[in-house]
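Since the structure comes first, as structure tokens, the remarks are kept for the end.
The values are calculated or read from the model by the stated rules, or taken from the named source; none is laboratory data. In this text, all values refer to a predicted model and were calculated from it rather than measured experimentally. Cβ atoms come from the backbone with ideal geometry, glycine included; neighbour counts cover every protein chain shown.
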Amino acid sequence: MAITNGGFETGDLTGWTNEDSGGSSTVTTGAKRNGTYGLRQYGSVTSPAQAYPLVTRTDIPVNFTSITFYYKVNELTGATPNCYLDVYLISDEDFWAEVFEVHNPAAGDFIRVTKTRQEIMTDNGMSESDWGTTPLKLQLATTVSTTGGTAVFEVFIDDVSYTTGFVNGDFEIGDLTGWSGYDTNSYGASHSASMSIDAASKRTGGYGAYYCVEAWDATSGAYYTLEQTVTLAEFSTISFWYKVASATIPDDPIRGLAVMMTYHNGSEEERESTLIDIPLFVGNFPNGWMKVVVNKAEFLADVAMEGGHVHATSKFKIILYLESETTGMKELLVYVDDVVMDSPAAGELTNGNFASGLGGWFPNCAKDCTYPPTDVAYTVEAGSGDAVLHAEGNFYDSAVAGICQEMTTDFVSVSFSWRLEDTELDSWCNMLVQFLAYTAEGYPVWVTPYFEWIETSPSFATLTITKTEVETAMGWDARVWGTSTAIRIALYLRPVS
Ligand SMILES: [Ca+2]
Ligand SMILES: [Ca+2]
């Protein structure tokens, strides 16, 4: 998250406090890494004099998960300099956490420094309570000193930022900073699993994550897991986007993308709860990038059903896997980007007019139906701003096509317009509007306040579902709202037997 004027683009120290004690902290064009301006900390001293260019700000949220800045030593001269760049986070508990220190660095190019909350705590021997309760003070301090003669020290700093939630969830750092990546549970030698962070894998920004799993005999499986520890109190949902880049699957191996979170059993042994398991088919994702959303309430319900419990933090894992009973080359390549934890914003649905395709919407929802069957299409007609649901099945099979979106439970009503474009019905078709609720035991379930047989072709009609209608539909089975809900608009095509 960008800090206000963390890139110094106001051209001055807006947002920062100058506490120079000798030397100077100034915003100049020459000190820039990005944009037009950067911070220059400069001092020139003759022993025994010292100078301390120093700036602070006091708005780093106490729940930050990482901090990033870039520095460049433009000059370090003198026979015996004794110069430092020091970065601290200072809490209302008066804990001075050293984020970074470098002594007498040689002149060179810009260097990125990213420190995660966990690294800072380990380096400083901290406990969570040392962070206090109010926003943290960030201090960028240069010490210009020499043990003899004269020393000149000039440091440029730019692009100061922090994260809450996932560290590097957008992969824009350009490497695996914040994530642990590992290849687990591989059977035999004829397999490989790897991860890279590169530009070709991006959905937004400059970088995305690229999973590659391969197996080429009957006994090998390949798995790649990307993992990050998350604080449960920080989120109600976690979402990310994925795209099948390519695949070579000559037989029909088991393969897919799974999302897991860890909990503990009664003996404090770590266990994994599978939140979503998506079998992957090439060519089955006409919209390219697909959004996955997992709900903390579902995770907690799963853990409760397993008789386990959660700690304040849990490991969140995105796993690509492939295994097979037959010989032959199997390969699956998947992009992942924009891993975000959040509470859905109150108010309007994202892209409710479908002006940006199906952005913000995703097929079906939650864990009971996480991927579209091959006979279902979700499209947005060019220029129409309409989403088109298309369900197609044979005489014996049912088919479902639905689009979903997470939303908050504080809505009063939801409205949308729809019409029947075309039918070739040898069977029954229903149009449903559903909302995600929970049983008293905490198990997620769709409730259906609106249901219509499709038999004729109406013109566009506006449909409004009130929250009261949803709650009436929930009430007969003692269902309750979770911390958030989701709306699903779906076609159900059912065979005539
Ligand atoms: Ca800048
Ligand atoms: Ca990205």
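State the number of residues belonging to segment 216-231 that are under 22 Å from Asn295 (Cβ atoms) and over 14 Å from the mean Cα position of the chain (by Cα). Spell out the reasoning first.
From segment 216-231, those under 22 Å from Asn295 (Cβ atoms) are 225-231; that's our starting set.
After this cut, where a residue has to be over 14 Å from the mean Cα position of the chain (by Cα) as well, the list is 225.
Here the count works out to 1.
Do we have Trp216 as more than 16 Å from ligand 1 (Cβ to nearest atom), within 28 Å of Val310 (Cα to Cα) and outside the structural domain of Thr56 (by TED's automatic domain parsing) here? Break it down into steps so the answer makes sense when it comes.
Working: more than 16 Å from ligand 1 (Cβ to nearest atom): yes; within 28 Å of Val310 (Cα to Cα): no; outside the structural domain of Thr56 (by TED's automatic domain parsing): yes.
No.
Which count do you get for residues in segment 125-178 that are buried (at least 20 other Cβ atoms within 10 Å of the Cβ), of a type in the set (Val, Ile, Thr) and within 16 Å of ligand 2 (Cβ to nearest atom)?
Of the residues in that region, 2 qualify.
Which strands (runs of 3 or more DSSP E) sit wholly inside segment 92-187 and have at least 1 residues that are at positive phi? Even if it seems obvious, please write down each step before you answer.
Values: elements: 96-103, 111-116, 136-143, 150-163, 180-182.
Strands (runs of 3 or more DSSP E) meeting the threshold: 150-163.
If you scan segment 463-480, which residues turn out to be buried (at least 16 other Cβ atoms within 10 Å of the Cβ) and out of contact with any strand residue (DSSP E or B) (no Cβ under 6 Å at 6 or more places or on another chain)?
Scanning segment 463-480 gives Lys467, Glu471.
Within segment 1-30, restricting attention to residues that are more than 20 Å from Tyr42 (Cβ to Cβ) and among the hydrophobic types (A, V, I, L, M, F, W, C), which residue is modelled with the highest pLDDT?
Result: Ile3.
Identify all residues within segment 188-211 that are assigned to a strand (DSSP E or B), within 16 Å of ligand 2 (Cβ to nearest atom) and either surrounded by fewer than 19 Cβ atoms within 10 Å (Cβ to Cβ) or hydrophobic (A, V, I, L, M, F, W, C) (or both); write none if there are none.
Of all residues in segment 188-211, those assigned to a strand (DSSP E or B) come to 191-198, 208-211.
Those left that are additionally within 16 Å of ligand 2 (Cβ to nearest atom): 195-198, 208-211.
If the condition is that a residue be assigned to a strand (DSSP E or B), within 16 Å of ligand 2 (Cβ to nearest atom) and either surrounded by fewer than 19 Cβ atoms within 10 Å (Cβ to Cβ) or hydrophobic (A, V, I, L, M, F, W, C) (or both), then Met195, Ser196, Ile197, Asp198, Ala209 are the ones that fit.
Being within 16 Å of ligand 1 (Cβ to nearest atom) and part of a strand (DSSP E or B) is the filter; apply it to segment 15-47 and report the residue that is farthest from Lys137 (Cα to Cα). Walk me through how you get there before you give the answer.
First, pick out the residues of segment 15-47 that are within 16 Å of ligand 1 (Cβ to nearest atom): 15-16, 25-41.
From what is left, the residues that are part of a strand (DSSP E or B) are 25-28, 38-41.
On the way: Ser25: 17, Thr26: 19, Val27: 20, Thr28: 23, Gly38: 20, Leu39: 18, Arg40: 20, Gln41: 19 Å.
The qualifying residue farthest from Lys137 (Cα to Cα) is Thr28.
Could you list, in sequence order, the residues of segment 296-349 that are acidic (Asp, Glu) and touching a residue at least 60 places away in the same chain (Cβ under 8 Å)? Talk me through it step by step, then tell me what you get.
Taking segment 296-349 and keeping what is acidic (Asp, Glu), we get 298, 302, 306, 323, 325, 331, 337-338, 342, 348.
Selection gives Glu298, Glu323, Glu325, Glu331, Asp337, Asp338, Asp342.
Can you tell me which of Thr146, Thr163 is hydroxyl-bearing (Ser, Thr, Tyr) and closer than 23 Å to Gly15 by Cβ?
Answer to the selection: Thr163.
Output the residues belonging to segment 108-155 that are under 13 Å from Val73 (Cβ atoms) and in contact with a Leu (Cβ under 6 Å, 6 or more places away or on another chain).
Scanning segment 108-155 gives Thr142, Phe153, Val155.
Mind checking which residues of segment 415-456 are crowded, with 16+ Cβ neighbours inside 10 Å, among the small types (Gly, Ala, Ser) and either assigned to a strand (DSSP E or B) or modelled with pLDDT of 75 or more (or both)?
Ala437 - this is the single residue of segment 415-456 that is crowded, with 16+ Cβ neighbours inside 10 Å, among the small types (Gly, Ala, Ser) and either assigned to a strand (DSSP E or B) or modelled with pLDDT of 75 or more (or both).
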